[in-house]
Amino acid sequence: MLRTIYIRNMVCARCIKVVTENLRNIGLEVESVRLGEAEVQDPVSGLDMDAIRKALEADGFELIRDQREVLAERVKHVLIHRLEQISKKESVPKLSEDLSNTLNLEYSTISKTFSQLEEVTINSYFIRLKIEKAKELVEYGTMSFKEIAYHLGYSSHQHLSGQFREVTGMSMSDYRLQNHKKRDSLDEIL
């Protein structure tokens, strides 16, 4: 029988690979792994959840047991995917519609649950994701600030600049001039 386990802090393809390897290393038959979840065969003896927890924690992942936490983690994954869509200039529906359709829940339920658990609104969290991406693009030095704003779906460079300053406490120019730039990995953003 297949059993789904939910995992916090998975944000990229490398995370999928690491989780798959960790679960196989403890003897589980892994059917599939996606961001935030893994499907494994439930052995007759049952799953050793403590061994799974330890295997995941060894690389910074966490086992999620509460359904509300699962929802909050799924919201993060939808937002990360949305950021990728914006960067690729794919058409993107309104944020609330995107979340409702993807998660098959009313946006008010999604928003309330996320805000209660993460202590930040969905919109604020998404802005922080975009600012981390902006930091990355600033560091590459291959795009102007105007191009970065366009790349991230902002209507103007000024809009991005204002949010960048609000989140980081400095201008994009000051950030570019820093010797030791501070970036957060996507799984650390709150």
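The values are calculated or read from the model by the stated rules, or taken from the named source; none is laboratory data. This one's a predicted model, so the numbers in the text were calculated from it and none came from an experiment. Cβ placement follows ideal geometry from the backbone for every residue including glycine, while neighbour counts extend to all protein chains displayed.
Overview of results
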read-out	value
Region 99-119 residues that are touching a residue at least 60 places away in the same chain (Cβ under 8 Å), paired with ones that are assigned to a helix (DSSP H, G or I) (beta carbon under 9 Å, 6 or more apart)	Glu118/Ala72; Glu118/Val75; Glu118/Lys76; Glu118/Tyr125
Selected residue (criterion: nearest to Thr113 (Cα to Cα)) from residues of region 74-97 that are of a type in the set (Asp, Glu) and touching a helix residue (DSSP H, G or I) at 6+ places or on another chain (Cβ under 9 Å)	Glu97
Exclusive hit being touching a helix residue (DSSP H, G or I) at 6+ places or on another chain (Cβ under 9 Å) and either surrounded by 15 or more Cβ atoms within 10 Å (Cβ to Cβ) or within 29 Å of Asn123 (Cα to Cα) (or both), set Arg14, Arg34	Arg34
From Ser111, Ser155, residue being within 27 Å of Ile5 (Cβ to Cβ) and of a type in the set (Gly, Ala, Ser)	Ser111
One residue from Ile80, Ile110, Ile131 being farther than 26 Å from Val33 by Cα, in a helix (DSSP H, G or I) and out of contact with any Asp or Glu (no Cβ under 7 Å at 6 or more places or on another chain)	Ile131
Number of the condition not met by Ser124 [criteria: (1) under 28 Å from Ile52 (Cα atoms); (2) under 17 Å from the mean Cα position of the chain (by Cα); (3) not hydrophobic (A, V, I, L, M, F, W, C)]	(1)
Strands (runs of 3 or more DSSP E) completely within region 1-71 that count 3 or more residues being within 18 Å of the chain's Cα centre (by Cα)	2-8, 62-64
Cβ-Cβ under 8 Å pairs, at least 6 apart or on other chains, region 172-183 side assigned to a helix (DSSP H, G or I) and surrounded by 10 or more Cβ atoms within 10 Å (Cβ to Cβ), far side aliphatic (A, V, I, L, M) and modelled with pLDDT of 90 or more	Met172/Ala134; Met172/Val138; Met172/Ile148; Met172/Leu160; Tyr175/Val138; Arg176/Val138
Test for Ser91: is it surrounded by 14 or more Cβ atoms within 10 Å (Cβ to Cβ), of a type in the set (Ser, Thr, Tyr) and within 30 Å of Tyr150 (Cα to Cα)	no
Long-range neighbours under 6 Å by Cβ, at least six apart or interchain, first residue of a type in the set (Ser, Thr, Tyr) within region 1-25, second surrounded by 13 or more Cβ atoms within 10 Å (Cβ to Cβ) and not in a loop (DSSP other than H, G, I, E, B)	Thr4/Glu37; Thr4/Glu39; Tyr6/Glu37; Tyr6/Ile64; Tyr6/Val70; Thr20/Val30; Thr20/Val33
Flag for Tyr125 being under 18 Å from Val11 (Cα atoms) and either aliphatic (A, V, I, L, M) or at pLDDT 90 or above (or both)	yes
Qualifying residue in region 152-169 (condition: under 30 Å from Gln67 (Cα atoms) and either in a loop (DSSP other than H, G, I, E, B) or among the aromatic types (Phe, Trp, Tyr) (or both))	no
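Here's the yes/no breakdown for (1) more than 17 Å from Val78 (Cβ to Cβ); (2) surrounded by 15 or more Cβ atoms within 10 Å (Cβ to Cβ); (3) not charged (D, E, K, R):
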| residue | (1), (2), (3) |
| --- | --- |
| Asn101 | no, no, yes |
| Tyr107 | no, yes, yes |
| Ser111 | no, yes, yes |
| Phe114 | no, yes, yes |
| Glu132 | no, yes, no |
| Glu139 | yes, no, no |
